[in-house]
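Student: Can you read through this structure? Questions will come right after.
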């Protein structure tokens, strides 16, 4: 009876731990064996390998030329060397930038009744390594007839600027601002999830280029290759009871640039 | 007779006028979509020389679009290869010393119209004055849509601009002033065996010319595991730091101590630098899970034992 009890105890503690440990060793990831050292869009290539497709000409000659290849002849005689595209990306796909609608109509505005409209931005880096999109306004919303303006929003807590996002939940807060939801957005804006309607609480001002101290603000950026990276820009506008009647307008400039 | 006139011709005109006013205003809102190649142009050129490069610009939308080319200098923004465009002050509209023009245009900023789905090849001519300072010049070529001044309701219009970067190095001899160093080579000291190894590499360019460092990270384990990660040859501009994009490493046998050595050459003829770090790969996440499972088993056994005794 005593012998049986001893044997049972040995199986249920030490042996179980040893068995689990041995199983665990065998479960170490074997799938890693299949991983390549290159990503789908990057591949390291020798510097002089042809992969491009642009045309190049010098002041005294015209040449068919492929990106990534060194320039024609010795530098001393030709006077230049030229590379087009990225050496480490072998695909020749253009950098593409799409803005879904270039006019946002707010219609008639009513005091303390905010309106929200949306523009969708899509970027495909193609052969570029990464990208960024910046936004800026020519000036705050202005009635060109009278010169009256709808100010850029400063937020419920008076903490919104072109560089700092803040809460805008109150219907009594007036001005123009934007919120973001999508890929590669700066904090604190939410990343795109097609299954979920974004909850927009944080807003920023568009950077006002009529003020020479302000610079365009990044609304989307990535250092990696990406296809169809999408961003929704939500414009929110509200007016106070003291807003002068008029038709208010401004122009937002979106600039998409690749990395270098 | 008079009644008949009202019910045919006039009614038609009235309906037509009403129809015109009811046309959807949202039709004004067009999608703009532009594609551009190449995204990057690098030139090493002697002062006094001129080169040209063809840019392919495509209007992907179903509407005609008016395009205005522009060129501005840029400086590096952050350490991920992003740029900050430097707009000229109102009093100076010059971007000297480099001269840019587009063949067939009187001025660089002459607008052009791209039809729907049209691809236009634009030849950019770049000239470097004979007496220009030998150094790097960084520019962005922007193609900008335009907006019409239209009367209407309260509205925000948008302009789209797509850019391509141009890196110009002027040199009489072709010999460059390359100077830099590794400022950061990092990976966590302990990495879970089921996770990839991600290295952080930052390189500083303290010279007056940009360079493309090349090299690799060699990783060796105590069980004679050997791996290599080649570096992508990314531009590091003058007086800037860049964090290199590096592929993740998935070791085959991811357990035990590892040593990793980063070797970087600033260019094909430039100086080489190296840096070493070590790390451990342990299955600590799974280990914690196993310990928790074992503890639960022991506790359950004790509870069952007590109940058995109690019964």
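Quick note: the coordinates plus some simple rules give every number you see, no bench work behind them. Only a predicted model underlies this, so the values are computations on that prediction, with no experimental measurement involved. Note that each Cβ is placed from the backbone with ideal geometry, even for glycine, and that neighbours are counted across all protein chains shown.
Student: Could you give the length gained on full extension between residue B:296 and residue B:107, defined as 0.36 nm per residue of separation minus the Cα-Cα distance, in nm?
Tutor: Numbers: separation 189, 0.36 × 189 = 68.04 nm, distance 7.83 nm.
Between residue B:296 and residue B:107, full extension yields an extra 60.2 nm.
Student: Of all the C-alpha pairs in chain B, what % are more than 38 Å from each other? Show your work: numbers first, answer last.
Tutor: On the way: 22414 of 48205 pairs.
That tail contains 46 percent of the Cα-Cα pairs.
Student: So, one more: Run the quick spin-label model on residue B:206 and residue A:77: label points 7 Å from Cα toward the beta carbon, then report their separation in nm to one decimal.
Tutor: In this crude spin-label approximation the distance works out to 4.0 nm.
Student: May I ask you to derive the FRET efficiency for residue A:113 and residue A:144 from their Cβ-Cβ distance with R0 = 25 Å, giving the value to the nearest 0.05? Display every interim value, and only then the final one.
Tutor: Details: r = 24 Å, r/R0 = 0.95.
In this case the efficiency is close to 0.60.
Student: Between residue B:172 and residue B:216, what is the FRET efficiency for a Förster distance of 30 Å, r being their Cβ-Cβ separation, to the nearest 0.05? Can you show the working numbers first?
Tutor: On the way: r = 34 Å, r/R0 = 1.12.
After rounding to 0.05, the efficiency reads 0.35.
Student: Work out how far the C-alpha atoms of region B:167-297 reach from end to end along every principal axis, then list the three figures in whole Å, largest first.
Tutor: Dimensions of region B:167-297 along the principal axes of its Cα atoms: 77, 26, 17 Å.
Student: Still on this structure: So what's the gap between the Cα centers of region B:189-221 and region B:104-171, to the nearest angstrom?
Tutor: Each part reduced to its Cα centre gives a spacing of 35 Å.
Student: Taking a cut-off of 23 Å, what percent of all Cα-Cα pairs in region B:97-217 are separated by more than that? It would help to have the intermediate numbers written out before the result.
Tutor: Working: 4402 of 7260 pairs.
Across region B:97-217, Cα pairs with separations above 23 Å total 61 percent.
Student: Right, something else. Calculate the length of the line joining the C-alpha centroid of region A:162-223 to that of region A:118-148, in whole Å.
Tutor: 12
Student: Where does region A:207-260 land on the Kirkwood hydrodynamic radius, alpha-carbon pairs, in angstrom? Let's see the in-between values first.
Tutor: Numbers: mean 1/r = 0.0664 Å⁻¹.
Roughly 15.0 Å, rounded to one decimal.
Student: Another question, then. Determine, for A:204, A:214, the number of other Cβ atoms within 10 Å of each Cβ, and report the residues in order from fewest to most. Walk me through the intermediate numbers first.
Tutor: On the way: A:204 26, A:214 17.
Neighbour counts put them in this order, fewest first: A:214, A:204.
Student: Please report A:151, B:226 as a ranked list, fewest other C-beta atoms within 10 angstrom at the top and most at the bottom. Write out the running numbers ahead of the final one.
Tutor: On the way: A:151 14, B:226 9.
Listing A:151, B:226 from fewest to most nearby Cβ atoms yields B:226, A:151.
Student: Oh, and also: Each label point is 7 Å from the Cα along the Cα-to-Cβ direction; what then is the distance between the points at residue B:269 and residue A:240, in nm?
Tutor: 6.6
Student: A follow-up question, please. Neighbouring Cβ atoms within 10 Å as the yardstick, rank B:211, B:185 fewest first. Show your work: numbers first, answer last.
Tutor: Working: B:211 25, B:185 20.
If I rank by nearby Cβ atoms, fewest first, I get B:185, B:211.
Student: Would you mind calculating the gained length between residue B:288 and residue B:304 on full extension (0.36 nm times residue separation, minus the Cα-Cα distance), in nm to one decimal?
Tutor: Values: separation 16, 0.36 × 16 = 5.76 nm, distance 2.42 nm.
Using 0.36 nm per residue and subtracting the Cα-Cα distance, I get 3.3 nm.
Student: Restricting to DSSP H runs of at least four residues, report the calculated mean residue ellipticity at 222 nm for chain B, -39500 (n - 2.57) per run over all residues, nearest 500 deg cm²/dmol. Spell out each step's value before the answer.
Tutor: On the way: 3 runs with 42 residues, N = 311.
The helix-only estimate for chain B comes to -4500 deg cm²/dmol at 222 nm.
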